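The values are calculated or read from the model by the stated rules, or taken from the named source; none is laboratory data. Here the structure is a predicted model, which means the values were calculated and not measured. Here the Cβ positions follow ideal geometry from the backbone for every residue, glycine too, while neighbour counts run over all protein chains shown.
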Amino acid sequence: MKITASTGAIADAFVLAASLSADDKCAKKIATLEAIRIKTADSAALVSGNILDHAVSITVPATIEIPGELAVSGSRLAALANGFARTETIMITAEGKTARVDCSRSRFKLATIPLDDLPPMLRLVDETGNVELAREQVLKFCKGTTFAISADKAQYYLAGLFLHDAEDGLAAVATDGHRLARVVVPDVSGLSSDAHLVIPAAAVKIVTKLLADRSSERVTLRRSRTLIAVETAKAAFISKLIDATFPDYNRVMPEASGNAVTIARAELAQALERVKAVLVDDRQPVVGFSWGEEDPLLHLSSTDNSDAADDVILCEDATGTGRVAMQIGMLMDLLNAHAGKRIRFDSRNGADPVLITDPDDRDFTALQMPCNRTRAAA
């Protein structure tokens, strides 16, 4: 095999393929799972990585001088290609049991890995649903929900992103039992009508990296009983699903109570940082919120010691009376994940889940459980 390609394009493909094993403690220790496979196809090179639970293939334009295929260490090849100027061209040549990598005046050799030792690629058969979406729609529900995915291994059924056809469109939902995030792609259906399409958190992370490439604006999602495939014009990613049933989250979704406040998201984030700064001794600092319909201010305070922090920001809108406490870290995760300019909190009584919405985006909804430490500022 002998190919020549743009260093920038093929380096990006190497980094993405290598990231599968780099983020997996077991896979990165096994040479056949850590490997990157390069295979020629017409006027392109197909770069792939496969760690059994999920796999990715990226098509890179290339000049094929000698067709063929080889496999080498993914981490080494990605690091090597990333060290060259992106505007250069790179040549990769199979030479017996080594792969020669040439770029400008540089020459390197890497040991190859026997192709027969590599695991077979995942293949999605018996398709049960599919949809085609804009790239930005997929990124929106990935980035807007993954902060709420559970990291608790005992809650394996919550350790992923749940996709399903809902009345208002294709819904993406994540929850760890303390908070929940839901993003909807309106007027889209046909992917899944059951509660079993739960994509592992590691796979969602790879999809987000894959879609960072702006050259492909349309994305196809396909599923079977056990697999999900995410395909663009240049790449394909496939992953096993979590073998579990996602809980019926609709049972905990509250109706709006009318005790609500709307504030600027960026201003609230700054206020939370100020409150957090004086609560450095608390591993999980809690902030108290209070507002009133006749007072156009949102009061933020320390719930343990009201003298330690007392901050005030201007409300854009306030109805009813609210008094609730929430964990700052969880709130910051939500504010960093959501790109809207405004955020709205609705608290029925300070004990039920707080309903969090965006007045400018009805497709986003979140919940956060309040804390028992509810001595919010008066």
Next item on the list: Considering each residue of the range 130-149, count those that are crowded, with 19+ Cβ neighbours inside 10 Å and in contact with a Gly (Cβ under 8 Å, 6 or more places away or on another chain), and give that number.
Entry: 2
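Could you say whether any residue in the range 314-323 is over 30 Å from D194 (Cα atoms), without any contact (Cβ under 8 Å) to a residue 40 or more places away in the chain and in contact with a helix residue (DSSP H, G or I) (Cβ under 9 Å, 6 or more places away or on another chain)?
So far as the range 314-323 goes, no, none of its residues is over 30 Å from D194 (Cα atoms), without any contact (Cβ under 8 Å) to a residue 40 or more places away in the chain and in contact with a helix residue (DSSP H, G or I) (Cβ under 9 Å, 6 or more places away or on another chain).
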Margin query: I'm checking my understanding of the structure. Among residues of the range 23-34 that are surrounded by fewer than 17 Cβ atoms within 10 Å (Cβ to Cβ) and under 21 Å from T208 (Cα atoms), which one is modelled with the highest pLDDT?
Written below: K25
Margin query: Checking the condition assigned by TED's automatic domain parsing to the domain that holds A11, touching a helix residue (DSSP H, G or I) at 6+ places or on another chain (Cβ under 9 Å) and closer than 30 Å to S192 by Cβ, which residue from A71, A62, A79, A27 passes?
Written below: A27
Notebook entry, point to check: Of all residues in the range 256-270, which are under 22 Å from P353 (Cβ atoms) and in contact with a strand residue (DSSP E or B) (Cβ under 7 Å, 6 or more places away or on another chain)?
Noted result: A256, S257, G258, N259, A260, V261, T262, I263, R265, L268
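Just to check your reading of the model, which residue among A85, A71 is closer than 17 Å to I30 by Cα and either of a type in the set (G, A, S) or modelled with pLDDT of 95 or more (or both)? Please lay out each step first, then the result.
Numbers: A85 fails: closer than 17 Å to I30 by Cα.
Among A85, A71, only A71 is closer than 17 Å to I30 by Cα and either of a type in the set (G, A, S) or modelled with pLDDT of 95 or more (or both).
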Next item on the list: Read through the list (1) of a type in the set (D, E, K, R); (2) under 24 Å from H164 (Cα atoms); (3) touching a helix residue (DSSP H, G or I) at 6+ places or on another chain (Cβ under 7 Å), then give the number of the only condition that E255 fails.
Entry: (3)
Check: Residue check, D248 against (1) loosely packed, with under 15 Cβ neighbours inside 10 Å; (2) at pLDDT below 95, all met but one. Which one?
Finding: (2)
